[in-house]
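What follows is one structure encoded as structure tokens, with my remarks underneath.
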Amino acid sequence: MTRPLALVTGASGGIGEAFARELAGRGYDLVLAARSADKLQSLAEELRGQGAGAHVFPADLGAADGPKTLIDAVHGAGLTVDLLVNNAGFGDLEPFDRADPGKLTDMINLNVRALTALSHAVTPGLVARGHGGIINIASTAAFLPGPGMATYYATKAFVLSLSEALHVEMKPKGVTVTAVCPGPTWSGFQEKADMEGSKLLKASRMMTPKDVARIGMDGFERKKRVVVTGVSNKITIAIAKLTPKTLLMKAVSGLQEKP
């Protein structure tokens with residue numbers, strides 16, 4: 001029996017790497033995409049040792065032609081994507097007026113434009129075959145504005161909104177689209193976002209990428225529209241929905257502060 005094939009972006013570490021391992025354990029072959037070829041090759045060798053097929057495609061998805069180049073390369077290799085895991089993305093803890101404009105553009109290009117382009121590229125094939133799906137890694141940040149990380153929170157709100165709409169569009173066609181919304185996770189994201197000293201991390205119960213991937217895949221297999229990982233994160237989102245936005249944003253702003 002042919003194993004289904006999953007394309008995982010941002011697979012060189014953190015949640016993307018954990019999803020690749022989780023998928024291999026659930027009978028998938030993998031297409032691994034990220035900028036770091038060496039890390040991808042190491043992961044591919046590990047997965048092959050576990051009996052999974054693993055193909056490495058180094059890619060800069062933030063570049064204007066990055067998503068098309070990746071999809072063309074995958075199709076050129078004769079591979080058919082059954083599941084797309086849009087994990088590549090980054091954030092930055094910095095007040096908007098002091099943020100680097102180039103970094104903001106790069107964040108939007110990767111978190112929003114690349115995710116949208118890759119999703120659009122695979123959906124015709126998924127619909128034609130009548131199965132498979134897309135997992136978009138959003139965040140608990142998608143549910144509220146984020147003073148101190150305004151652009152990052154806004155990109156994740158886009159990911160959540162797009163995913164929920166696509167879930168409704170694709171469900172009658174046999175295709176599942178799931179938004180996975182982790183809270184703070186030990187993934188390397190915090191270091192890259194310069195968040196290590198923030199009050200948010202000190203106040204949060206951090207999950208492991210392995211747990212996020214397991215919970216995310218369980219939700220996708222149950223054809224869920226949105227998966228918030230962890231009980232504490234679900235409680236936080238429920239409270240946020242009931243809290244007046246003025247108070248909510250004041251609380252978030254305080255938690256984003258650096259010492």
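Restricting attention to the stretch 92-118, the residues that are of a type outside the set (D, E) and over 28 Å from E221 (Cβ atoms) total 14.
Evaluation of V127 against the conditions (1) buried (at least 21 other Cβ atoms within 10 Å of the Cβ); (2) over 24 Å from D100 (Cβ atoms); (3) among the β-branched types (V, I, T) shows that the sole unmet condition is (1). If you go through the stretch 60-85 and keep only what is touching a strand residue (DSSP E or B) at 6+ places or on another chain (Cβ under 8 Å), part of a helix (DSSP H, G or I) and without any contact (Cβ under 8 Å) to a residue 24 or more places away in the chain, you end up with just A73. Report whether or not G62 is surrounded by 17 or more Cβ atoms within 10 Å (Cβ to Cβ), touching a helix residue (DSSP H, G or I) at 6+ places or on another chain (Cβ under 6 Å) and of a type outside the set (D, E). Here the answer is yes, as G62 does meet what is asked. Any residue in the stretch 229-247 that is closer than 21 Å to I15 by Cβ sitting within a Cβ distance under 7 Å of a residue that is part of a helix (DSSP H, G or I) and of a type in the set (A, V, I, L, M, F, W, C)? List the pairs, counting only those 6 or more apart or interchain. Close Cβ pairs satisfying both conditions: T229/V212; T229/I215; I237/F143. Under 7 Å by Cβ, and 6 or more places apart or on different chains, what pairs join a residue from the stretch 1-17 that is under 11 Å from Y28 (Cβ atoms) with one that is assigned to a helix (DSSP H, G or I) and modelled with pLDDT under 95? That search, which allows pairs on different chains as well, returns nothing. Take the stretch 1-34 and flag every residue that is under 15 Å from G51 (Cβ atoms), charged (D, E, K, R) and assigned to a helix (DSSP H, G or I). If the condition is that a residue be under 15 Å from G51 (Cβ atoms), charged (D, E, K, R) and assigned to a helix (DSSP H, G or I), then R21, E22 are the ones that fit. What pairs come out if I take residues in the stretch 134-145 that are more than 21 Å from S232 (Cβ to Cβ) and pair them with residues that are of a type in the set (S, T, Y) and surrounded by 23 or more Cβ atoms within 10 Å (Cβ to Cβ) whose C-beta lies under 6 Å away, six or more apart or interchain? Qualifying pairs under 6 Å: I135/T178; N136/S163. For beta carbons closer than 6 Å, sequence separation of 6+ or different chains, a first residue in the stretch 37-58 that is without any contact (Cβ under 8 Å) to a residue 12 or more places away in the chain and a second that is part of a strand (DSSP E or B) and surrounded by 20 or more Cβ atoms within 10 Å (Cβ to Cβ), the qualifying pairs are R48/A54. Screening V227, V252 for residues that are surrounded by 15 or more Cβ atoms within 10 Å (Cβ to Cβ), more than 30 Å from E22 (Cα to Cα) and of a type in the set (V, I, T) leaves exactly one candidate, V252.
The values are calculated or read from the model by the stated rules, or taken from the named source; none is laboratory data. Since we're looking at a predicted model, the values are computed, not measured. In this analysis, Cβ positions are derived from the backbone assuming ideal geometry, glycine residues included, and neighbour counts consider all displayed protein chains.
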